[in-house]
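> Once you've had a glance at the structure underneath, I'll fire off some questions.
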Amino acid sequence: MSAQSNKESLIKIENMSLEYGESINSTLALKNISLEINKGEFICVLGPSGCGKSSLLKCIAGYVKPTAGRVLMQGKEVDGPDWHRGVVFQSPTLYPWMTVNENVEFGPKMRDLPKAEIKEIRDFFLDEVNLSGFGENYTFELSGGMKQRVAIARVLANYPQVVLMDEPFGALDALTRENMQNLIRNIWKENNTTIFFITHDVDEALLLANRVVVMSKQPGEIIKIFNVDFTNQIFEKGTKEVIYNEDYFEVKNEIMDIIHSQID
Ligand SMILES: Nc1ncnc2c1ncn2[C@@H]1O[C@H](COP(=O)(O)OP(=O)(O)OP(=O)(O)O)[C@@H](O)[C@H]1O
């Protein structure tokens with residue numbers, strides 16, 4: 001069964017607007033956003049630079065409070081950060097004085113889990129991100145892609161209900177980026193994770209998401225939501241065949257047209 005046919009609501013954004021600052025110096029970043037994120041979905045958000053994508057993610061994470069409207073998670077209003085909503089940023093935020101093992105263990109330790117369980121969780125997720133064998137390394141000894149994989153393992157080790165990713169692969173070279181896309185797609189599929197993922201890259205969105213949300217220029221509003229299935233097709237056929245199919249180009253062109261119409 002695809003994630004689309006299994007609709008159990010996890011996050012509900014209701015008529016949300018966000019204004020930074022006050023009076024003449026204020027910036028309206030988001031306007032009237034309504035969106036439902038269902039369990040097991042992989043949602044990618046696209047839009048022109050400065051349209052409010054990161055602001056939207058921060059509101060869902062609970063880092064920023066909307067000026068109007070609200071964000072609900074399983075019916076309860078989000079009123080601050082919480083490990084149920086794990087966040088992965090473009091630059092991995094790891095503790096440089098800790099080893100890879102210690103970084104991944106951090107969340108489960110904070111939750112006072114038994115030692116054996118912490119070790120089990122750590123080993124499981126380091127294996128998921130193909131970093132078994134690097135546990136004793138310090139993070140400064142790793143490449144950019146490896147650091148980002150540690151950051152993903154560290155978030156997943158908390159078993160969050162949703163993983164919020166803000167251009168997580170934006171700073172990586174093209175090959176590492178493709179590997180990371182394959183990795184996150186596999187993690188999503190294997191663990192039935194819910195992922196909310198911001199990107200500038202239309203191909204990245206189409207190759208990962210079940211739904212692609214396209215936003216307007218600032219103040220960010222949702223212009224259109226595309227239901228797509230290329231990510232599932234990749235499991236069956238392989239990346240290249242999907243990219244070169246007609247449906248793919250049709251959706252890609254429509255999204256590009258919308259984004260271009262929003263750039264002055
Ligand atoms: N803390 C803040 N204080 C004031 N204005 C802010 C703040 N954070 C963001 N903004 C403004 O809000 C608008 C949306 O910013 P945001 O970073 O959410 O957009 P974005 O779509 O993620 O941008 P990009 O694609 O360039 O990363 C921009 O005009 C930005 O300058």
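> Scan the stretch 173-203 for residues that are outside any helix (DSSP H, G or I), crowded, with 18+ Cβ neighbours inside 10 Å and within 16 Å of the ligand (Cβ to nearest atom) and jot them down. Steps first, please.
Of the stretch 173-203, the ones outside any helix (DSSP H, G or I) are 173, 192-201.
Filter again for crowded, with 18+ Cβ neighbours inside 10 Å, leaving 193-199.
Within the stretch 173-203, PHE196, PHE197, ILE198, THR199 qualify.
> Then there's this: Looking at GLY86, GLY135, which one is assigned to a strand (DSSP E or B) and surrounded by 15 or more Cβ atoms within 10 Å (Cβ to Cβ)? Step through it out loud before you land on a result.
On the way: GLY135 fails: assigned to a strand (DSSP E or B).
Checking each option against the conditions leaves just GLY86.
> A further question on this structure: In the stretch 216-234, which residues are part of a loop (DSSP other than H, G, I, E, B), in contact with a Leu (Cβ under 9 Å, 6 or more places away or on another chain) and over 14 Å from LYS252 (Cα atoms)?
From the stretch 216-234, those part of a loop (DSSP other than H, G, I, E, B) are 216-219, 221, 228-229; that's our starting set.
Now restrict to residues that are in contact with a Leu (Cβ under 9 Å, 6 or more places away or on another chain): 218-219, 221, 228.
The answer is GLN218, PRO219, GLU221.
> Could I ask something else about it? Return the only residue of LEU72, LEU18, LEU46, LEU56 being within 16 Å of the ligand (Cβ to nearest atom) and either out of contact with any Lys or Arg (no Cβ under 9 Å at 6 or more places or on another chain) or open to solvent by 10 Å² or more (accessible area, probe 1.4 Å) (or both).
Values: LEU72 fails: within 16 Å of the ligand (Cβ to nearest atom); LEU18 fails: either out of contact with any Lys or Arg (no Cβ under 9 Å at 6 or more places or on another chain) or open to solvent by 10 Å² or more (accessible area, probe 1.4 Å) (or both); LEU46 fails: either out of contact with any Lys or Arg (no Cβ under 9 Å at 6 or more places or on another chain) or open to solvent by 10 Å² or more (accessible area, probe 1.4 Å) (or both).
It is LEU56.
> Among the listed residues GLU236, GLU254, GLU221, which satisfies the condition of being open to solvent by 20 Å² or more (accessible area, probe 1.4 Å), in the same structural domain as LYS39 (by TED's automatic domain parsing) and modelled with pLDDT under 95? Steps first, please.
Values: GLU254 fails: modelled with pLDDT under 95; GLU221 fails: modelled with pLDDT under 95.
Of GLU236, GLU254, GLU221, the one residue that is open to solvent by 20 Å² or more (accessible area, probe 1.4 Å), in the same structural domain as LYS39 (by TED's automatic domain parsing) and modelled with pLDDT under 95 is GLU236.
> Can you tell me which residue in the stretch 138-150 is modelled with the lowest pLDDT, limited to those that are open to solvent by less than 10 Å² (accessible area, probe 1.4 Å) and within 21 Å of ARG85 (Cβ to Cβ)? Steps first, answer last, please.
Keep residues of the stretch 138-150 that are open to solvent by less than 10 Å² (accessible area, probe 1.4 Å), which gives 139, 145, 148, 150.
Among the residues that remain, those that are also within 21 Å of ARG85 (Cβ to Cβ) are: 148, 150.
On the way: GLN148: 91, VAL150: 94.
By that ranking, first place goes to GLN148.
> Just one of the numbered conditions (1) under 19 Å from SER54 (Cβ atoms); (2) under 19 Å from the mean Cα position of the chain (by Cα); (3) among the polar types (S, T, N, Q) is not true of ASN227; which one?
(1)
> With the requirement that a residue be at pLDDT below 95 and open to solvent by 60 Å² or more (accessible area, probe 1.4 Å), what does the stretch 113-132 give you?
PHE124, ASP127, ASN130, SER132
> For the stretch 120-166, which residues satisfy the criterion of being over 23 Å from GLU204 (Cβ atoms) and of a type in the set (A, V, I, L, M, F, W, C)?
ILE121, PHE124, LEU126, PHE134, PHE140, ALA157
> Another question about this same structure. Can you tell me how many residues in the stretch 138-150 are assigned to a helix (DSSP H, G or I) and either within 24 Å of THR193 (Cα to Cα) or in contact (Cβ under 8 Å) with a residue 40 or more places away in the chain (or both)? Can you show your working first?
Our first condition is that a residue be assigned to a helix (DSSP H, G or I); within the stretch 138-150, this holds for 139-141, 144-150.
Okay, now just the ones that are also either within 24 Å of THR193 (Cα to Cα) or in contact (Cβ under 8 Å) with a residue 40 or more places away in the chain (or both), so 139-140, 144-150.
Of the residues in that region, 9 qualify.
> Can you name the condition, by its number, that GLU41 falls short on among (1) acidic (Asp, Glu); (2) away from the ligand (no atom under 12 Å from the Cβ); (3) open to solvent by 60 Å² or more (accessible area, probe 1.4 Å)?
Every listed condition holds for GLU41 apart from (3).
> In the stretch 151-166, what count of residues is obtained for those that are open to solvent by less than 40 Å² (accessible area, probe 1.4 Å) and outside any helix (DSSP H, G or I)?
Of the residues in the stretch 151-166, 8 are open to solvent by less than 40 Å² (accessible area, probe 1.4 Å) and outside any helix (DSSP H, G or I).
> For the stretch 10-44, how many residues are in a strand (DSSP E or B), out of contact with any Phe, Trp or Tyr (no Cβ under 7 Å at 6 or more places or on another chain) and in contact (Cβ under 8 Å) with a residue 40 or more places away in the chain? I'd like the intermediate steps shown before the answer.
So the first thing to find is which residues in the stretch 10-44 are in a strand (DSSP E or B), and the list is 10-20, 27-38, 42-44.
Checking the rest, the ones that are also out of contact with any Phe, Trp or Tyr (no Cβ under 7 Å at 6 or more places or on another chain) come to 10-20, 28, 30-36, 38.
So of that shortlist, the ones also in contact (Cβ under 8 Å) with a residue 40 or more places away in the chain come out as 10-19, 28, 30-35, 38.
Looking only at that region, the number is 18.
> Hey, among VAL251, VAL213, which residue is outside any helix (DSSP H, G or I) and either among the hydrophobic types (A, V, I, L, M, F, W, C) or in contact (Cβ under 8 Å) with a residue 40 or more places away in the chain (or both)?
On the way: VAL251 fails: outside any helix (DSSP H, G or I).
Sole residue among the options that is outside any helix (DSSP H, G or I) and either among the hydrophobic types (A, V, I, L, M, F, W, C) or in contact (Cβ under 8 Å) with a residue 40 or more places away in the chain (or both): VAL213.
The values are calculated or read from the model by the stated rules, or taken from the named source; none is laboratory data. Bear in mind that the values here come from a model prediction, so they are computed numbers and not experimental data. Cβ atoms come from the backbone with ideal geometry, glycine included; neighbour counts cover every protein chain shown. Heavy atoms of the whole protein, side chains included, go into the accessibility calculation; ligands, DNA and RNA do not. Shrake-Rupley method; radii C 1.70, N 1.55, O 1.52, S 1.80 Å.
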